[in-house]
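Some notes on the structure that comes next.
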Amino acid sequence: MTGSDQNKAAGSTGGTLGLSSHNDIRQPLWLLAELTYACPLQCPYCSNPMDYANFKKELTTEEWLDVFRQARAMGATQLGLSGGEPLTRPDLVELITEARKMGFYTNLITSGVGMDAAKVAEFKEAGLDHIQVSFQASSEDLNDLIAGTDAFKHKIEMAKAVKANGYPMVLCFVTHRQNIDQMEDILELAISLEADYVELATTQYYGWAMHNRDQLLPMKEQLVKAEAIAHRYQEEQKGKMKIYYVVPDYYEERPKACMNGWGNVFLTITPDGVALPCHAARELPGMDLPNIRDVSVKEIWEESNDFNRFRGYEWMKEPCRSCDEKEKDFGGCRCQAYMLTGDPASADPVCSKSFDHHLIEDALKRGRLEAEKTVTEAKPLVFRNPKNSKKLSASE
């Protein structure tokens, strides 16, 4: 099906937005290139699809470069190189080199596993602008437990190598119930590494994180304490280290403006070439999943049913349709709405105005009950690895 046919199909099912012309559609600013689903880590909160082991035919070097060219021609300026673990791609230096020549600001999002000081220097020579190194915890034992491999000491060395090569030190800690009590130690670790930016990235419940939600949802008292610590360090480190802290969706009264609006700023290309408005969107029902091997990036962005599906406001149901805040949050996250209600057009249940807000309250209760169980009673975390991916895919 071509992009034009997809748009017509959307019209027949009520999925279009009544856009008057392509002039109503902003061009993408951010291209997120998920280069691979391969990863040496096994984080139980990974946002990759749970059936990622079924996707084997990755884009070639030239196919990725063609994607970069097309997106750049449309006006995209920011390029995120992600995964899985992008360091598993042997062509990473070539991709960085060519993307920089095209004029992209390039950002490598990595665990640091598979990198060494020489590789960091090579990335610098290739023109890479930015490296973000992720940690699982502030202590070696918990970091390596969550990662499913001995990675902590190597991460420390890679963070130092990034700094030594003149990059801004950007650290990311994904927080959840298992590590949020380490908030002070996390920020002290960041200070010791001379971090310039620290992202305290609250777990978002997609993919593997959704499967492990009961074990990952922090309790309210943990959040109150962690938030106070984060705000204290924000004041103390003002002018030295920038700390980003975001309260988890499940404890908010209003949803976030997911991806700054569906098909508005971000374009994601998956390892097998599927184009998505966000990294979790392939889980939604009724998606055509256009592939850049078959359709141009421009046609996908402007004409495909997938990207036009939740643009604008005409698709909205109540209470979003008549809400005076819809231009702020666009009804929240479509993937979260689907995973919780079964309907991607519903209001994000995080919103207290949502008819389904009780689902969030139920999830918080379930999380607390799980947290209060003894070690022997509690459900084990399911770690992200090919064996579990195949097993869970087969059970669906």
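Protein heavy-atom surface of the chain, 1.4 angstrom probe: 51% of the accessible area is carbon and sulfur, with nucleic acids and ligands not counted. Heavy-atom accessible surface of ASP91, to the nearest 10 Å², is about 20 Å², with a 1.4 Å probe and all protein chains retained. Note on surface exposure: PHE307, PHE383 rank PHE383, PHE307 by accessible area, highest first, 1.4 Å probe. Spin-label model, ASN165 to GLU62: label points 7 Å out along the Cα-to-beta-carbon direction sit 2.8 nm apart. Largest GNM mean-square fluctuation among ALA378, ALA201, ALA281, using the chain with Cα springs under 10 Å: ALA378. For ILE191, put the label point 7 Å out on the Cα→Cβ axis and report which residues of segment 221-251 keep their amide N under 18 Å from it. Once the point is set 7 Å along Cα→Cβ of ILE191, 226-245 turn out to lie under 18 Å by backbone N, inside segment 221-251. When nucleic acids and ligands are ignored and a 1.4 Å probe is applied, ARG334 ends up with an accessible area of around 10 Å². Pairs LYS317/LYS353; LYS124/LYS242; LYS124/LYS153; LYS163/LYS240: which are spaced more than 19 Å apart, C-alpha to C-alpha? Distance filter (> 19 Å) returns LYS124/LYS242; LYS124/LYS153. With a Förster radius of 56 Å applied to the beta-carbon distance between GLU157 and ARG321, the computed FRET efficiency rounds to 0.60.
Measuring only protein heavy atoms, the 1.4 Å probe finds GLU122 accessible over about 80 Å². Residues in segment 272-283 carry Karplus couplings, in order, of 9, x, 6, 9, 9, x, 7, 5, 9, 5, 5, 7 Hz; the curve used is 6.51 cos²θ - 1.76 cosθ + 1.60 with θ = phi - 60°, and Gly or Pro positions show x. Ordering TYR245, TYR105, TYR338 by accessible surface, largest first, gives TYR105, TYR338, TYR245; the 1.4 Å probe counts only protein heavy atoms, with every chain in place. A crude spin-label estimate for the pair LYS390 and ASP294, with each label 7 Å from Cα along the Cβ direction, gives 2.7 nm. The order of HIS130, HIS211 by accessible area, most exposed first and with a 1.4 Å probe, is HIS211, HIS130.
Can you tell me which of 136-142, 258-264 comes out highest on packing, and rank the rest after it, using the mean Cβ neighbours within 10 Å?
Values: 136-142: 17.3, 258-264: 21.1.
Output ranking for 136-142, 258-264: 258-264, 136-142.
Contact order for the chain, expressed relative to its length and based on alpha carbon pairs under 8 Å spaced 6+ residues apart, stands at 22 percent. Modelled this way, with points 7 Å down the Cα-to-C-beta line, the labels at VAL265 and ASP150 are 4.1 nm from one another.
With a 1.4 Å probe and every protein chain left in place, work out the accessible area per residue of the chain in Å², rounded to a whole number. Let's see the in-between values first.
Numbers: 17020 Å² over 396 residues.
That works out to 43 Å² per residue.
Dividing the helix sum by the residues of the chain, where each DSSP H run of 4 or more adds -39500 (n - 2.57), gives a mean residue ellipticity at 222 nm of -10500 deg cm²/dmol.
The values are calculated or read from the model by the stated rules, or taken from the named source; none is laboratory data. The shown structure was predicted, so the numbers you read here are calculated from the model rather than taken from an experiment. A quick note on method: Cβ atoms are made from the backbone with ideal geometry, for glycine too, and the neighbour counts reach across all protein chains shown. In case anyone asks, the SASA skips ligands and DNA or RNA and just uses the protein heavy atoms, side chains included. Shrake-Rupley method; radii C 1.70, N 1.55, O 1.52, S 1.80 Å.
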